[in-house]
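A short write-up of the structure that comes next.
The values are calculated or read from the model by the stated rules, or taken from the named source; none is laboratory data. All values reported here derive from a predicted model rather than from experimental measurement. Reconstructed Cβ throughout: ideal geometry from the backbone, glycine too, with neighbour counts over all protein chains shown. Note: accessible area is taken over every heavy atom of the protein model, side chains too, but ligands, DNA and RNA are not part of it. Shrake-Rupley method; radii C 1.70, N 1.55, O 1.52, S 1.80 Å.
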Amino acid sequence: MRTAYSVETVRAAEQELMARLPDGALMQRAVAGLTAACAELLGRVYGRRVVLLVGSGDNGGDALYAGARLAKRGAGVVAVLLAPDRTHPGGLAALRRAGGRVVEGAEAAEEPLRRADLVVDGIVGIGGKGGLRPDAAPLLDVLGEIRAAVVAVDLPSGVEADTGEVRGAAVRADLTVTFGTHKPGLLVDPAREYAGSVRLVDIGLALPGEAELQALQHADVAALLPVPGAESDKYRRGVVGIAAGSSRYPGAAVLAVSGALRGGAGAVRYVGPAGDAVIARFPETLVSTGSPEQAGRVQAWVVGPGAGDDADAVAAVLKADVPVLVDADGLRLADRDAVRARRAPTLLTPHAGEAAALLGVPREEVESARLASVRELAERYGATVLLKGSTTLVASPGGGAVRVNSTGTGWLATAGSGDVLSGLTGSLLAAGLDARDAGSVGAYLHGLAGRLAADGAPVGAHDVAEAVREAWRDVMTA
């Protein structure tokens, strides 16, 4: 499992470690990893041109020390000092001893940047807020025009480490070399887009057990997936109820059922007006024409996909004493007080637009502050929230680590894809996973299935559903 920690936690761990190490030893651990990553990216160090964009403090010091090591190996290194009076003195001295050249101010950066093979972004560290300062922002125009690779030190300058927000001009890196642990901004959009590939350098930090963010990997998901035993039958494996679809949107019901049938539960019950379409496509579905209360026993419900204005079905499902997943139209129709009053777990699965409507804010606010938005929704509704998007986040009510999914693909931005996710995740709830695990595992399998189905080309939601079995096998055999 990958984890990410807040700036405050990282700094506390660094202080504790530095108290036990010789002066400067911790920085040199970071510099060694940064230098190795730069050299690997260059391929051949001797004769290559490297430009360091150096701000104040230790972030700039890391860049300077790495530049000194590259210069000793034959690279031509130029350091652009953006805060000359606050440049890290030890790093600057090391670079000069190694034969590096120094220029001052952003206006002096253009000529060396246009000749560079590699640019090292050491402008702002993990404590930066609000984007780059105006005097450094013009550098971005040049960086956007040149072909040199850009390596960010710890975090791209201008993005916010704790939130993943980008509130102004920021560096877009090809590679970010981060130290000790991932920072939330490296895993959550929009900041994640600026980080490029991320390389973690272990510098020996002792970090607490509870992280700010968690990103499941194959092994974590495999340990959570429901596997039937010798004594299992369809009811012991769990039954998921699907209350979805309408005369206008019967396809939503079909797609939700398609996801549910591949999610590990032993049986799927469908309730709603799209029964004929469901049974024609999936004859194994247990179709009921009554209300959700009359459908028979289930271990979890999914309600809302394509439901139109069927508030009665949403209200009925929310009264059930089993886990409930609410999606799509159900989010609009669900009464917040009824959700908060539930004793059994509730999982809400909005995309950014639906989350914005629930929070009463513009969509752009949710998209720019995804981490804050998912936490706020979980708190307001007293429910686990799966916020869909370029990085899917899962937050529990009462706080704790937010889960971030690492398997998504842009090809999943297609009609009906969310219905498949709802059915798949609801099936995992019925099979016995708690709301956070079901949301996290569902998003992981759904994202992986999207990648496998697309394979670099457009896909439909039905293709994603068909690929869930392959994604499941891929996880279990890794």
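Among residues that are touching a Gly at 6+ places or on another chain (Cβ under 6 Å), in a helix (DSSP H, G or I), open to solvent by 70 Å² or more (accessible area, probe 1.4 Å) and of a type outside the set (S, T, N, Q), Arg375 is not included. Of all residues in segment 296-306, those satisfying the criterion of being open to solvent by 10 Å² or more (accessible area, probe 1.4 Å) and out of contact with any Pro (no Cβ under 9 Å at 6 or more places or on another chain) are Gly296, Arg297. Residues that are open to solvent by less than 20 Å² (accessible area, probe 1.4 Å), in a strand (DSSP E or B) and touching a residue at least 60 places away in the same chain (Cβ under 8 Å) do not occur anywhere in segment 450-470. Taken over segment 403-418, the criterion of being touching a Ser or Thr at 6+ places or on another chain (Cβ under 8 Å) and either modelled with pLDDT of 95 or more or crowded, with 24+ Cβ neighbours inside 10 Å (or both) is satisfied by Arg403, Val404, Asn405, Gly418. Annotation: of all residues in segment 215-260 being touching a strand residue (DSSP E or B) at 6+ places or on another chain (Cβ under 9 Å) and open to solvent by 70 Å² or more (accessible area, probe 1.4 Å), the one that is modelled with the highest pLDDT is Arg237. Looking only at segment 266-291, how many residues end up being buried (at least 24 other Cβ atoms within 10 Å of the Cβ) and either touching a Leu at 6+ places or on another chain (Cβ under 8 Å) or among the basic types (Lys, Arg) (or both)? Count: 2.
Scanning segment 126-143 turns up no residue that is of a type in the set (Lys, Arg) and farther than 15 Å from Ser56 by Cα. Determine whether segment 356-368 contains at least one residue that is of a type in the set (Lys, Arg), over 17 Å from the mean Cα position of the chain (by Cα) and more than 26 Å from Ala161 (Cα to Cα). No, that holds for no residue.
If I filter segment 200-212 down to residues being of a type outside the set (Gly, Ala, Ser) and part of a loop (DSSP other than H, G, I, E, B), which single residue comes out as nearest to the chain's Cα centre (by Cα)?
Here is the first cut: in segment 200-212, the ones of a type outside the set (Gly, Ala, Ser) are 200-203, 205, 207-208, 210, 212.
Narrowing further to those that are part of a loop (DSSP other than H, G, I, E, B): 202-203, 205, 207-208, 210, 212.
On the way: Asp202: 21, Ile203: 24, Leu205: 23, Leu207: 21, Pro208: 21, Glu210: 17, Glu212: 12 Å.
Once the filter is applied, the top-ranked residue is Glu212.
Residue count for segment 132-161, restricted to those that are more than 21 Å from the chain's Cα centre (by Cα), part of a loop (DSSP other than H, G, I, E, B) and without any contact (Cβ under 8 Å) to a residue 40 or more places away in the chain: 7.
When residues in segment 213-236 are screened for being assigned to a loop (DSSP other than H, G, I, E, B), closer than 14 Å to Asp437 by Cβ and of a type in the set (A, V, I, L, M), 2 of them pass.
Going residue by residue through segment 326-338, is there one that turns out to be part of a helix (DSSP H, G or I), among the basic types (Lys, Arg) and open to solvent by 20 Å² or more (accessible area, probe 1.4 Å)? Give the steps one after another, and end with the answer.
Within segment 326-338, the first condition is being part of a helix (DSSP H, G or I), and the residues that meet it are 329-333, 336-338.
If we keep only those that are among the basic types (Lys, Arg) as well, we get 332, 336.
Next, from what is left, pick out any that are open to solvent by 20 Å² or more (accessible area, probe 1.4 Å): 332, 336.
Yes, there is a match, as at least one residue in segment 326-338 is part of a helix (DSSP H, G or I), among the basic types (Lys, Arg) and open to solvent by 20 Å² or more (accessible area, probe 1.4 Å).
Scan segment 167-196 residue by residue and report those that are among the small types (Gly, Ala, Ser), more than 17 Å from Leu143 (Cβ to Cβ) and in contact with a strand residue (DSSP E or B) (Cβ under 8 Å, 6 or more places away or on another chain). The one that is among the small types (Gly, Ala, Ser), more than 17 Å from Leu143 (Cβ to Cβ) and in contact with a strand residue (DSSP E or B) (Cβ under 8 Å, 6 or more places away or on another chain): Gly180.
Which of the following residues is open to solvent by less than 20 Å² (accessible area, probe 1.4 Å), under 29 Å from Glu14 (Cβ atoms), touching a Phe, Trp or Tyr at 6+ places or on another chain (Cβ under 7 Å) and modelled with pLDDT of 95 or more: Ala79, Ala94?
Details: Ala79 fails: touching a Phe, Trp or Tyr at 6+ places or on another chain (Cβ under 7 Å).
Only one candidate qualifies: Ala94.
If the condition is being among the β-branched types (Val, Ile, Thr) and open to solvent by 30 Å² or more (accessible area, probe 1.4 Å), then segment 202-214 contributes no residue at all.
The set of residues from segment 125-146 being aliphatic (A, V, I, L, M) and under 21 Å from Leu41 (Cβ atoms) comprises Leu139, Leu140, Val142, Leu143, Ile146.
Quick check on Tyr46: is it open to solvent by 40 Å² or more (accessible area, probe 1.4 Å), over 15 Å from Gly122 (Cα atoms) and of a type outside the set (Gly, Ala, Ser)? So Tyr46 passes the test.
If we keep just the residues of segment 327-365 that are aliphatic (A, V, I, L, M) and touching a residue at least 40 places away in the same chain (Cβ under 8 Å), which is nearest to Gly304 (Cα to Cα)?
In the first step, residues of segment 327-365 are kept if they are aliphatic (A, V, I, L, M); the result is 328, 331, 333-334, 338-339, 341, 344, 347-348, 352, 355-359, 361.
Pick out the ones that are also touching a residue at least 40 places away in the same chain (Cβ under 8 Å) and you get 328, 339, 347.
Numbers: Ala328: 5, Val339: 14, Leu347: 12 Å.
Filtering segment 327-365 for residues that are aliphatic (A, V, I, L, M) and touching a residue at least 40 places away in the same chain (Cβ under 8 Å), the one nearest to Gly304 (Cα to Cα) comes out as Ala328.
Going through (1) of a type outside the set (Val, Ile, Thr); (2) under 30 Å from Ala108 (Cβ atoms); (3) open to solvent by less than 50 Å² (accessible area, probe 1.4 Å) one by one, Arg199 falls short only on (3).
Inspect all residues belonging to segment 303-320 and state whether any of them is of a type in the set (A, V, I, L, M) and under 20 Å from Ser440 (Cα atoms). Give the derivation first.
If we filter segment 303-320 for residues that are of a type in the set (A, V, I, L, M), which is where we start, we get 303, 307, 311, 313-318, 320.
Right, trim to under 20 Å from Ser440 (Cα atoms) and you get 303.
Yes: segment 303-320 contains one or more residues that are of a type in the set (A, V, I, L, M) and under 20 Å from Ser440 (Cα atoms).
Are any of the residues in segment 295-304 within 28 Å of the chain's Cα centre (by Cα), modelled with pLDDT under 95 and closer than 19 Å to Ala465 by Cβ? No, segment 295-304 contains no residue that is within 28 Å of the chain's Cα centre (by Cα), modelled with pLDDT under 95 and closer than 19 Å to Ala465 by Cβ.
Of Gly99, Gly127, Gly164, all but one fail to be in contact (Cβ under 8 Å) with a residue 40 or more places away in the chain, surrounded by fewer than 20 Cβ atoms within 10 Å (Cβ to Cβ) and out of contact with any strand residue (DSSP E or B) (no Cβ under 7 Å at 6 or more places or on another chain); the exception is Gly127.
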